[in-house]
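The values are calculated or read from the model by the stated rules, or taken from the named source; none is laboratory data. These numbers come from a predicted model, not from an experiment. Don't worry about glycine lacking a Cβ; one is built from the backbone with ideal geometry, like all the others, and counts go over all protein chains shown. Protein only, heavy atoms only, side chains kept; ligands, DNA and RNA dropped before computing areas. Shrake-Rupley method; radii C 1.70, N 1.55, O 1.52, S 1.80 Å.
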Amino acid sequence: MNGHGALAAEDAAGETVAAVALAQTISADEIALYDRQIRLWGVQAQERIRSANILLVSLRALGAEIAKNLILNGIGSLTIVDSEPTTEDDLGAQYFLREGDRAVAASPRLQELNPRVAVRVDPTDIRTRDQNFYHPYDIVIACDHDFDTLSIINAACRIAQRPFYAAAIHGFYGFIFADLISHDYIITRERSNVVTTVRPETPTRSVLAVSTKKENGKNIEMVTKREIYSPLLLANTSPLPPEYLKTARKRRTVTPLLPCLRALWDFQRTYSRLPTHVHADIATFTTLATHKNAELQLEKLPSEFLRSFLQNLGSEIVPVAAFVGGRLAEDVINVLGKREQPLQNFAFFDGDGFVGQIYALHPIFPETDGNANGESDGIGGTVSVMVL
Amino acid sequence: MQRRDRGIAQSLGLPLTKCVKESRVLLVGAGGIGCEVLKNLVCSGFGSLPGVYGAERRASIDGVEHVPVSSKKPGIVVVDLDTIDLSNLNRQFLFRKQHIKKPKAFVAKETASQFNPSVNIEAHHASIFDSQYDVEFFESFDLVFNALDNLAARRHVNRMCLAANVPLVESGTTGFNGQVQAIKKGVTECYDCNPKPVQKSFPICTIRSTPSQPIHCIVWAKSYLLPELFGTSEEESADVAVTEGDNAEEVAKLKEEAEALKNIRLMMGKSEFAQHVFDKVFHDDIERLRSMTEMWQSRRPPQSLSFDGLKADAEDDLVKRGQALSIQDQAVWDVKDDLAVFAYSVDVLSNRCQAGETVIEFDKDDKDTLDFVAAAANIRSHVFGIPLHSEWEIKQMAGNIIPAIATSNALTASLCVMEGFKIMRSQIGSSTETLGGSKMVFLNSRSTERLITTQSLAAPVPECPVCSPIYAKLALPGDGGEPILQDLVDMLREKVGYEEFSITTEAGIIYDPDLEDNLEKPMKDYITHGNKFITVTDEGDEGKVDLVLSTIVRSEAQSGLQLLPDNITLPLKPKKAVPDTNGHAAGTPEPVVASAANSSAGAKRKREAEDEVESAKKRAKAGKQEVHVVDDDGAILLDD
């Protein structure tokens, strides 16, 4: 999370967030309201959460779940950008909606969830915004958009040095992507027999510092860690970490959602729409997915999955939105609180097969062949990560 | 199909969508998980259409001809006993500040009904233990969701669903953790197939004589001092127990101490009451303990305090100062502050007693009792050289508060409803997997590799005392006709073919071959609520499986008892390969540690086990073995 000194004060959003930032520290009323969550993450994390300004792009079923959770948790402000009008299709899965412009129509009911949070609506097209737009926000979340739009927002966030999340659902399937650029956090835990040392833990994560204290007769250690990230543009072409490719069995455990999502993004880029059920689309999509699958060095793509994926495209169902949106919101809260391991960096959810997997997809270039075996603790120094 | 159903119809397919819309589901609990489950159900169209074929589908249960009382009416029924509290609002998103103190079930219905105009929600502000929720009530549903916060209600609904042969989706969360389990009689393990942790209790001598942790002092203040002064001391608290390790002589001495305190209680209302109590428990009793030198050979001896000594340089109006301090619940008071809060809370509680409140019990949301417990616990901690804590921290320990966040509830509830889709898919026969591919699912919030961990549903444990019996119904006449126990015994001989057998209610054995004293007693004496269970055990040599009768009280006229189905053939009990370890062993039960930490460790063990195992056959076997290891520490997850 970033300081509040750099707000664009002439901007209305900037004014709102500056006012929120000026509010005094957490009150007894708030402690009573947030009692059950402060007992999990402490007052300090809650203070960081309450002063955070979050930007949410697109308020459909998934966005509504993210908004709901962040507002309930007591962030400082939520700004929702959505220029689309409500359609009758939307009404089924988007329970905060009524007739009218989507974000405008939903905001009164979102605001009701927690009057302490400044809920603001910006019914403009996100594609008209430059990097200055993102500056007042501590975290930017973009849902539903196609790959190019997501990449443009991601790039603007990189320039503005703002953490970025992307997510979407298609029926039973969904993904979450995180580009936090570089994120430091402190894990507090009871000390084990194994000494924690300052060193890289994975190609993207390293231990920066370790300190200890005694509490109630227990040895507690506070481990400062850093995760570094890649932008969506690079993550989307990155290979799977080598530990997933070692054996055929390992390769089969990788969800086919990964190649299918990459194929979908390619399809959308070419045709500016989702594949339909006409034969030509199915054939094109199958070719794309098979190609992505081969590129990832995976086993044969199950045709049954492919069929189900295509069947679910463009559909919104609330339980899946609740899972993907809930998990994304939890990660945002954890990143604000700086006390938990954040998502690194691609999560896939399959609510039909009950599969939820996380892969660290980065353009990684092994320096020595065959040595990057992905044991979580043993590969420091043998690989380097390209960070833009 | 309306356009607003497009997403559901597209992803579920038409047959399942139809089934979902015609379904009748029960949601028990409208709290953290319940609010989210209700939203997911409403927005997925559960129970949103009048149905026609609901009755046909359930025409046969266990191959027995069964005519439902009424054909199933599509809808969602929500049952919750609770009212809304401020601390619910950070996650129970159907409630607002203006709803505080209103019944959760009603407000949940009101808010969620706006999400879908065609939904049909029925809200009950009631306890699921109530007699109206008998086995026939449960039989009226296609699916039951548990969204509960306590073990007793979970076990009860588990049993009712087994008796009614209705699938149950069980769930729970604590902090970042959560889990979901699908249960169906004869198909999967039930909630009670694996032993659950018992409530932790402390040896009496640890609490009364040799505390070493803050929790010992908190339990002392909450379960000993507060009841002795302001409540009823007759009943020993479940938190404290006399165990084998306790010294009998010391226990007797502690009884005397408590008697002396009762005499001081008579001074309540007088200005020096607080001082007398203080000097008794923090000076005289401590001095007595300190004089037992052998007790302090390996421990730091306690340092007694005196009221006047501690008050010496404090301000004049101790009570006023205590009142001001009691608002600062985040700060750690020093021992002089604690004295002030102690004096203040004794004053307030005494006034309440004088005003007619005969019994004041500890309630974490009753600030006066919390002030008293926090101050007294801290003073005792000071005496024994134990670190002091803020009132806010003490509230958590004294009130067993479990951290609860919006996201874990949302994630867990979403998985509940996805399990629901799977179970319904198996009900319409479009899946050959167990319960449509339902799984045991755990949230994995701290993993860098997985969002969730799954485990195949295990088969029922053959010796499980809850799900291995055959379930049947016993109908009693509402009024007119007074069947007696003899009538039941006769009926069981005739209809089930018993020779030697025993009958047990939840209160104990009422009949066996050597116990015939009760035969003339009316059945009503044993069935105080319609949903109580009667267990019949075969005492013959061969041993038939147990028969559990769920009782229904008929409102219409009926002569005598009626068994449903009318004739029952019981199979023999499966041969046991290993001695039963589930029975009650003679020794003291192992104290069980808090569930949160262990459940994540359990999930990790499960995940590793799954990773290692190659073939499906091996996996099933290993999964089953794992269950015995992990479920006794991880299965109880509470959702406040």
Rounded accessible area of residue B:300 (nearest 10 Å², 1.4 Å probe): 110 Å²
Heavy-atom accessible surface of region B:87-181: percent carbon and sulfur, 1.4 Å: 49 percent
Percent of alpha-carbon pairs separated by more than 31 Å within chain A: 39 percent
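If I compute solvent accessible area with a 1.4 Å probe over the protein chains, what percent of it on region B:225-342 is carbon and sulfur? Spell out each step's value before the answer.
On the way: 3140 of 6520 Å².
Using a 1.4 Å probe with all protein chains present, region B:225-342 comes out at 48 percent carbon and sulfur.
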Gain on full stretching of the segment that runs from residue B:85 to residue B:493 - 0.36 nm per residue minus C-alpha separation: 141.6 nm
Region B:428-509 - accessible surface per residue (Å², probe 1.4 Å): 41 Å²
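Go through region B:401-456 and name the GluC sites (Glu not before Pro) that are in a DSSP coil and have 13 or fewer other Cβ atoms within 10 Å of their Cβ.
Numbers: sites: B:419, B:433, B:449; in loops: B:433, B:449.
Loop-located and lightly packed - B:433.
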Anchor residue B:532: lysines whose Cα lies under 17 Å away (excluding residues fewer than 8 positions away in-chain): B:473, B:524
Spin-label pair residue B:359/residue B:248, simplified geometry with 7 Å Cα→Cβ offset, distance in nm: 3.2 nm
Label-point separation in nm, residue A:210 to residue B:317, each point 7 Å along Cα→Cβ: 5.5 nm
Cross-link table A:68/A:225; A:250/B:185; A:214/A:338, entries beyond 26 Å C-alpha to C-alpha: A:68/A:225; A:250/B:185
Per-residue average of Cβ from other chains inside 10 Å of A:324-337: 4
Per-residue SASA entry for residue B:392, accessible area with 1.4 Å probe, Å² rounded to 10: 30 Å²
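Which of the pairs B:222/B:280; B:97/B:364; B:101/B:222 have their Cα atoms more than 24 Å apart in this structure? If you can, show how the numbers build up before the last one.
Working: B:222/B:280 17 Å; B:97/B:364 20 Å; B:101/B:222 26 Å.
Going by Cα-Cα distance, B:101/B:222 fall outside the 24 Å limit.
Average partner chain C-beta neighbours within 10 Å, per residue of A:33-45? Mind showing how you got there, number by number?
Working: counts 6, 6, 13, 15, 10, 4, 11, 9, 4, 0, 2, 0, 0.
Per residue, the number of nearby Cβ atoms from other chains is 6 on average.
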Ordering of A:246-256, A:49-59, A:211-221 by burial proxy (mean other Cβ atoms within 10 Å per residue, highest first): A:49-59, A:246-256, A:211-221
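Once you have the alpha carbon radius of gyration of region B:432-472, what is it after dividing by 2.2 N^0.38 Å, with N set to its residue count? All intermediate terms of the calculation are to be shown ahead of the outcome.
Values: Rg = 15.0 Å, N = 41, 2.2 N^0.38 = 9.0 Å.
For region B:432-472, the normalised Cα radius of gyration is 1.66.
So for B:268, B:523, what's the accessible-area order with a 1.4 Å probe, most first? It would help to have the intermediate numbers written out before the result.
Working: B:268 30, B:523 0 Å².
Highest to lowest solvent-accessible surface, that is B:268, B:523.
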Computed lengthening from residue B:390 to residue B:263, 0.36 nm per intervening residue step minus Cα-Cα distance: 42.6 nm
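Which whole-number percentage describes the relative contact order of chain A, with Cα contacts under 8 Å and a sequence gap of 6 or more? Don't skip to the end; give the middle numbers.
Values: 735 pairs, mean separation 69.0, N = 388.
After rounding, I find 18 percent.
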Amide N proximity, region A:337-356 versus residue A:192 label position 7 Å along Cα-to-Cβ, cut-off under 12 Å: none
Relative packing of peptides B:346-357, A:27-38 - highest average C-beta neighbours within 10 Å first: A:27-38, B:346-357
Residue-averaged beta-carbon neighbours from other chains (10 angstrom radius) around B:89-100: 4
Drop in accessible area of at least 50 Å² in the complex versus isolated chain, residues of region B:428-476, 1.4 Å probe: B:448, B:449, B:451, B:452
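Take each of the peptides B:420-432, B:378-390, average the number of other beta-carbon atoms within 10 Å over its residues, and list them starting from the highest. Walk me through the numbers before you get to the answer.
Numbers: B:420-432: 19.0, B:378-390: 20.8.
In decreasing order of mean packing, B:420-432, B:378-390 become B:378-390, B:420-432.
Please say if region B:197-327 is rounded, prolate or oblate, where rounded means a/c under 1.5 for a ≥ b ≥ c the square roots of the C-alpha gyration tensor eigenvalues, and otherwise the choice is prolate for a/b larger than b/c and oblate otherwise?
Details: a/c = 1.71, a/b = 1.45, b/c = 1.18.
Note, shape of region B:197-327 comes out prolate.
Using 1/(1 + (r/R0)^6) with R0 = 51 angstrom and r between the beta carbons of residue B:14 and residue B:542, what's the FRET efficiency to the nearest 0.05?
On the way: r = 51 Å, r/R0 = 1.00.
Approximately 0.50, to the nearest 0.05.
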Overall form of region A:70-197 per C-alpha gyration tensor (a/c, 1.5; a/b vs b/c): prolate
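Report the accessible surface area buried between chains A and B, summing both sides, using a 1.4 Å probe on protein heavy atoms only, in Å² rounded to the nearest 100. Please list the in-between numbers first.
Numbers: alone 17980 and 30280 Å², together 42460 Å².
Chains A and B together bury approximately 5800 Å².
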Nearest-10 value in Å² for the accessible area of residue B:198, using the 1.4 Å probe: 80 Å²
Centre separation in Å (Cα based) which lies between region B:95-144 and region B:162-234: 26 Å
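Only helical DSSP H runs with n ≥ 4 go in: add -39500 (n - 2.57) per run for chain A, normalise by residue count and round the 222 nm mean residue ellipticity to 500 deg cm²/dmol. Mind dumping the intermediate values first?
On the way: 14 runs with 153 residues, N = 388.
Dividing the helical sum by the residues of chain A leaves -12000 deg cm²/dmol.
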Contact order relative to length of region B:242-308, as percent, for alpha carbon pairs under 8 angstrom and 6 or more apart: 28 percent
Label point distance in nm, residue B:366-residue B:334, each placed 7 Å from Cα along Cα→Cβ: 3.3 nm
Accessible surface, region A:193-300, averaged per residue in Å² (probe 1.4 Å): 52 Å²
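Quick one: accessible area per residue over region B:127-174, 1.4 Å probe, rounded to a whole number of Å²?
On the way: 1020 Å² over 48 residues.
Heavy-atom SASA per residue in region B:127-174 reads 21 Å².
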